[in-house]
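The values are calculated or read from the model by the stated rules, or taken from the named source; none is laboratory data. If you're wondering where the values come from, they're calculated on a predicted model, not measured in any experiment. Cβ coordinates were reconstructed from backbone atoms using ideal geometry, including for glycine residues, and neighbour counts include every protein chain displayed. Keep in mind that these areas ignore ligands, DNA and RNA; they rest on the heavy atoms of the full protein, side chains included. Shrake-Rupley method; radii C 1.70, N 1.55, O 1.52, S 1.80 Å.
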Amino acid sequence: MCGIVGYIGFRDAQNVLIGGLRKLEYRGYDSAGIAVLDSGRIEIQKSVGRLANLEDRLGGRPLPGHIGIGHTRWATHGRPSDENAHPHSDCSGRFALVHNGIIENYLALREELLAKGHQFTSETDTEVVAHLVEELYNGDFLQTMVQVGKRLRGAYALLVMAKDHPGTLIAMRKASPLVVGQAEGEHFVASDIPALLEYTRDVFVLEDGELAVVTKDGASFYTLSGDPVEKEPLHVTWDAVAAERGGYPHFMLKEIHEQPKAIRDTLLGRLTEDGQVALDDLTLPEGFVEKLDRVHIVACGTSWHAGLVGKAVMEKLARLPVEVDIASEYRYRDVVDSDGTWVIVISQSGETADTLAALRMAKQRGRRVLAITNVVGSSVAREADDVLITWAGPEIAVASTKAYTTQLVVLYLVAVYLGLARGTLQAAEARDILSAMQDLPQLAEQVLDTAPQIERFAKRYAGVHDTFFIGRGLDYSVALEGALKLKEISYIHAEAYAAGELKHGTLALITEGVPVIALATQTELYEKTLSNIKEVKARDAFVLGLTWVGDDDLEKSVDEVIYLPKTLPLLAPILTVVPLQLLAYYAAVARGNDVDKPRNLAKSVTVE
C-alpha cells in the first residue's frame, strides 16, 4: 500500500518525484503530495484524489530544489483529505517525512507530544512521527532517527528530510519495503523498484530493521540501533511492467505472496500485550454487546465466503446465532431481526452495490452496522456506524486473495472480542487463539513453499472439465472459496460440497480421473471426512488432500497430499485457502488465460 519516492542530486526534484509517483499509481492511493527543500526552507504541496490534482496545483507554483520526498497515500488512519495526505511536518517546519505502514503506539505518543505543546493538523499516525523527530532532535540527524526508531512500535517505511541537513535523506524500514537507487551524482529512494527504473537499475534493498543515510554521492547503511551494515547493490533486469509486479509474472501471484505481510499488518495494533483484542475503531454504545441476541453478516462472492467462516467462529466463541446472507438476497427478503441484531457488512472495495444497499436497508431498520472493508473513505466505510479496515493494501488482480485472508483475520478478532465481552470465552483460551494468530504470517510463508508441488498438479490437470472440492465444517467454507477461485480465472467448472452431502446426489458426477480436492484439517470431523474421501476414491477419482504436517493417515487414502504447518484447527481457513489460490492461479496460467483480468468479471461490482 502507498508509494514513497525520494530524490537527491542535480535534477529538479519535483519532476523526479512526480514521475516516480506516477510509476507507483498501480499500487492504489487516495491522495498525493511532495516536499522539496531549497534555500533552507521545506515547501510542501499535497492534494486529495488523483496525482493529476497535485500536478494541477504545482502547475501554478512549482517547487524548486534538488532534494525532495513524495508520497501516494492509501488511507488507514484518517479519511482521505488534503490535511491527512503526506508529507507531514513538525511544528517548526524543520522536518518533513513520508510513511508507509502503521504506527501501533501512535495514540500514546500523540498524547505525550500534545502534553509537551506540539500541535497536530491531521488525523494520521504518521504526523506523530514528524513531531517525535522534532522532540528528539539533538543536532545529529542519524542518531536522532535511531532514537525515534526505538520509540516506534508497528510496521513502517519512513523517509525523512531535514532543513538543517540539506544534503541528506534518511530512510528506515521495519516490515515495509524500501529500496535505494544509485547513479552518478544522484541517489533515489522508493517503496518499489518501478519508481527508479527511468534513472537507474542498480539498487540496494533495505532489509527489515535497517536504515539508510542517502546523499547525492552515496548511501551508507545501518541497523536501527545505529550499527554499520555492508550492502551490495542489486542490478535489476526486469522490464518496467514486470517491475510493477515486483518481478512476478502476474499481480495475482504477487498478491498471493503478499498475504503474510497483509495478515501481519491487519493484526498490528489490534492485539494487546496482555492477550486482549484492541479494536479501537469500534465505538459501540454502552451495553450494546450485552444486549446482542444475533448477528447478520451480509456480503457478496469471496466476502460472503469469509462471512461463512466468521459465522462458525462467532457461534463457537461468542455463542451468538449468526446468519450469513448474500447481499443481493438479503435486500429483497423479509428479514427477521430485532433491536439486539448487529449487522456486519463485508466488502473488499467498499463500493459493492448490493452490499451498500443492504447496509442502507439495515440502517433504515434501526440496526447498528459494522463495515469490514479494505478501502478507507469508501461508501460502505462512510455510511456504517463502525469500520474495521483490512490493511491488505490495494488488490490489482480481479480475483481477490489477500483481501479475503485479511477479512478472515478481522472476523476472528471480532469473534474473540465478542466472546470475551460476553463471558463465553475464557481469557486463557483467548490468549491461546491470539498467540496462534500472531504466528500465522510465518506459517503462511511456509504454505507458500508448497507452490512447486501445486504447480505440477495444476499443469497435469489443467485440461479437465470438472473439479470438485469437499470438506466439513470450516473446511467446507474454504472449499467454496477454492472452487470460486478456480472458476473465476481458469474457467474450469468447479463445485464445492459439504463432504457429507456426496451421497445425496453428487457421487453421480464422480467418475474415473475426476480431480477432487479434499480438505481434512478439522480434528473433530477428520474421521468422517476420511470416510467421504474413500467414497470418491472408490469411484476412481484422483484425490488431492490437504492436511497438517504429521498426519500419516490421509496419504493412505488419497493420491497426493499437501501438508500444512500446524495451527489451531479453528484458524485453519487462513492457511488452507492459500494452496487453493495457487491451484487456481497455476491452472489458469497453464490454460493460457488472462489471470489478472478474467473474462466477464470486474474488480468492484458497482451495479446491481
Task: Local net charge near D325, Cβ-Cβ under 15 Å (Lys/Arg +1, Asp/Glu -1) - done: +2
- [ ] May I ask you to compute the full-extension gain from E207 to E25, defined as 0.36 nm times their residue separation minus their alpha-carbon distance, rounded to one decimal in nm?
- [x] 63.1 nm
Open item on the list: Give me the percent of accessible area attributable to carbon and sulfur for the range 75-185, probe 1.4 angstrom.
Closed with: 44
Open item on the list: Relative contact order of the range 171-228, please, whole-number percent, based on alpha carbon pairs below 8 angstrom and at least 6 residues apart.
Closed with: 37
TODO: Treating the angle as unsigned and between 0 and 90°, give the value, to the nearest 10°, between the Cα long axis of helix 13-23 and the longest Cα principal axis of the chain.
DONE: 10
- [ ] Compute the acute angle (0 to 90°) between the alpha-carbon long axis of helix 451-461 and the principal axis of greatest extent of the alpha-carbon atoms of the chain; round to the nearest 10°.
- [x] 50
Task: Estimated FRET transfer efficiency (K150, R591; beta-carbon r; R0 60 Å; 0.05) - done: 0.70
Task: Volume in Å³ per residue [convex hull over Cα atoms, computed for the range 35-75] - done: 69
Open item on the list: Can you order the peptides 583-593, 218-228 by their average number of other Cβ atoms within 10 Å per residue, highest first?
Closed with: 583-593, 218-228
Open item on the list: Taking 0.36 nm per residue of sequence separation and subtracting the Cα-Cα distance, how much length would be gained by fully extending the chain between E123 and K163, in nm to one decimal?
Closed with: 12.0 nm
Task: Neighbour net charge for D337 - beta-carbon separation under 12 angstrom, K R +1, D E -1 - done: 0
Task: Which of G592, G246, F188, positive extreme of dipole for the chain (C-beta unit charges) - done: G592
Open item on the list: Using a 7 Å offset from the Cα along the Cα-to-Cβ direction at both R599 and S39, what is the distance between the two label points in nm, to one decimal?
Closed with: 6.2
Task: D217 - accessible surface, heavy atoms, 1.4 Å probe, Å² rounded to 10 - done: 110
Open item on the list: A 32 angstrom limit on the alpha carbon distance is what I want to check against. Which of K254/K528; K537/K566; K163/K231; K537/K597; K46/K363 exceed it?
Closed with: K254/K528; K537/K597; K46/K363
Task: Relative contact order of the range 84-236, pairs being alpha-carbon contacts under 8 Å that are 6 or more residues apart, as % - done: 19
Task: Estimated [θ] at 222 nm from DSSP helical runs (n ≥ 4, -39500 (n - 2.57)) normalised by residues in the chain, nearest 500 - done: -11000 deg cm²/dmol
Task: Packing-based ranking, highest mean first, of 318-324, 467-473 given that Cβ atoms within 10 Å are counted - done: 467-473, 318-324
- [ ] Compute the label zone of R79 within the range 274-289: residues whose backbone N is under 18 Å from the point 7 Å along Cα-to-Cβ.
- [x] 281-283
Open item on the list: So if I take the centroid of the Cα atoms in the range 150-202 and the same for the range 299-328, what is the distance between those two points in Å?
Closed with: 42
Task: Rounded to 10°, Cα long-axis angle of helix 141-151 versus longest principal axis of the chain - done: 30
TODO: Could you let me know the centre-to-centre spacing of the range 125-147 and the range 520-542, using Cα atoms, in angstrom?
DONE: 58
- [ ] Only loop residues by DSSP count here, and only those with at most 11 other Cβ atoms within 10 Å; note down the GluC sites (Glu not before Pro) in the range 133-186 that meet that.
- [x] E184
Task: Size of electric dipole in the chain: Cβ of Lys, Arg +1 and of Asp, Glu -1, about Cα centre, debye, nearest 20 - done: 840
Task: Per-residue SASA entry for D90, accessible area with 1.4 Å probe, Å² rounded to 10 - done: 10
Open item on the list: Give me the one-decimal nm value for the distance between modelled label points at E315 and Q442, 7 Å along each residue's Cα-to-Cβ direction.
Closed with: 3.4
Open item on the list: How far apart, in nanometres, would the label points at K503 and K363 be if each is projected 7 angstrom from Cα along the Cα-to-Cβ direction?
Closed with: 5.0
TODO: Return the whole-Å distance between the Cα centroid of the range 344-421 and the Cα centroid of the range 1-67.
DONE: 32
TODO: Send over a whole-number figure in Å² for the accessible area per residue of the chain, probe 1.4 Å.
DONE: 38
Open item on the list: What is the percent carbon and sulfur in the accessible area of the range 270-346, measuring with a 1.4 Å probe over the protein chains and ignoring ligands?
Closed with: 47
Open item on the list: For a Förster distance of 45 Å, can you work out the FRET efficiency between the beta-carbons of L234 and T272, rounded to the nearest 0.05?
Closed with: 0.70
- [ ] Report relative contact order for the chain in percent, whole number only (criteria: Cα-Cα under 8 Å, sequence separation at least 6).
- [x] 11
